[in-house]
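The values are calculated or read from the model by the stated rules, or taken from the named source; none is laboratory data. The shown structure was predicted, so the numbers you read here are calculated from the model rather than taken from an experiment. In this analysis, Cβ positions are derived from the backbone assuming ideal geometry, glycine residues included, and neighbour counts consider all displayed protein chains.
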Amino acid sequence: MEEKKAIDLKKIEPVLNEYRDVPGSLIAILQKTQAIYGYLPEEAITYIAEETGTAPATIYGVATFYAQFRLQPVGKHLIMLCQGTACHVNGAELISAAITDELGIEDGETTEDGLFSMEHVACLGCCSLSPVMMINGKTYSTLTPDKCRKVLRELASEGGADA
């Protein structure tokens, strides 16, 4: 089992100070915490619970209810693959299969090297360009399995450099 890297809880102190006396601010705290770490680490959830007087079970309930929150770190390149109607009818399933074939990951998984994560999303709002995937905020449209593989190989060959 790999050793967990300790996180710096001091990074979220300004967030907690900002919302300390603001009722109903748990979602905002979690959003800003995730923006800092890229996900919601267990240690951060425990710390937020202690500092806000909120039960850890309540925090986990919120974090698992809303799809925007992640309890595990994601890869350097987060692939968001649209599953909306237009993308679905235009081959999103084939694109998902190409990603799985190329990287060996399914929806919600991260490659062992931590370079890629894949997440199926309901809609990216690019219906006329379907099928579509977004990686690190960049949209790739009118995808074919080969076009998708080419994008993934280019990102992988950058050695983890930003897209």
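Looking at Val15 and the list (1) in contact with a Lys or Arg (Cβ under 6 Å, 6 or more places away or on another chain); (2) without any contact (Cβ under 8 Å) to a residue 40 or more places away in the chain; (3) within 30 Å of Leu143 (Cα to Cα), which single condition is not satisfied?
(3)
Has the stretch 89-107 got any residue that is in contact (Cβ under 8 Å) with a residue 12 or more places away in the chain, touching a Leu at 6+ places or on another chain (Cβ under 6 Å) and either surrounded by fewer than 17 Cβ atoms within 10 Å (Cβ to Cβ) or in a strand (DSSP E or B) (or both)?
No; the residues of the stretch 89-107 include none that is in contact (Cβ under 8 Å) with a residue 12 or more places away in the chain, touching a Leu at 6+ places or on another chain (Cβ under 6 Å) and either surrounded by fewer than 17 Cβ atoms within 10 Å (Cβ to Cβ) or in a strand (DSSP E or B) (or both).
Just to be sure, is Leu26 modelled with pLDDT of 95 or more, crowded, with 16+ Cβ neighbours inside 10 Å, closer than 27 Å to Gly114 by Cα and not basic (Lys, Arg)?
Judged against the criteria, Leu26 is not a match.
Just to be sure, is Leu71 in a loop (DSSP other than H, G, I, E, B) and surrounded by 20 or more Cβ atoms within 10 Å (Cβ to Cβ)?
Considered against the rule, which asks whether it is in a loop (DSSP other than H, G, I, E, B) and surrounded by 20 or more Cβ atoms within 10 Å (Cβ to Cβ), Leu71 comes out as no.
Going residue by residue through the stretch 80-91, is there one that turns out to be closer than 23 Å to Ile36 by Cβ and not acidic (Asp, Glu)?
Yes, the stretch 80-91 contains a residue that is closer than 23 Å to Ile36 by Cβ and not acidic (Asp, Glu).
Just to be sure, is Lys76 under 30 Å from Ile7 (Cβ atoms) and touching a residue at least 60 places away in the same chain (Cβ under 8 Å)?
Yes, satisfied.
Looking at the stretch 35-51, which of its residues are of a type outside the set (Asp, Glu), part of a helix (DSSP H, G or I) and at pLDDT 95 or above?
Ala44, Ile45, Thr46, Tyr47, Ile48, Ala49
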